[in-house]
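Readers should treat all values here as calculations from the given coordinates under stated rules, not as data from a laboratory. The structure displayed is predicted, hence computed values, not measured ones. As a convention, Cβ positions derive from the backbone with ideal geometry for all residues, glycine included, and neighbour counts pool all protein chains shown.
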């Protein structure tokens with residue numbers, strides 16, 4: 001996420017870049033949201049893109065051996081609290097995530 005404030009004029013051309021070298025494989029939306037001084041959205045544009053980056057692909061990570069000490073996960077009461085958390089996020093999940101939640105719960 002990046003924020004750039006500019007003074008108003010008739011035409012403002014903006015060129016920018018950001019590093020996606022460590023961005024894992026997946027589907028993404030590049031979102032540009034132009035807002036006024038009252039933080040009201042004037043124009044919103046999304047551009048879908050796919051990233052293929054096997055070197056940083058989360059599917060290849062060893063999550064079972066991850067060290068969870070000193071993280072918010074260490075405070076979760078398994079499995080009851082985790083199940084409740086998953087049920088709470090289900091309404092905002094996409095179809096694939098809903099299937100995953102349903103299969104896990």
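A few points about this structure:
- Report summary: the helix-based calculation at 222 nm, which adds -39500 (n - 2.57) for every DSSP H run with n ≥ 4 and divides by the residues of the chain, gives -5500 deg cm²/dmol.
- Taking the number of Cβ atoms within 10 Å of each Cβ as an exposure proxy, the fewest-first ranking of 90, 2 is 2, 90.
- Only one of (1) 18.2; (2) 17.0; (3) 14.8 was calculated from the structure for Kirkwood radius over Cα pairs in Å, and its label is (1).
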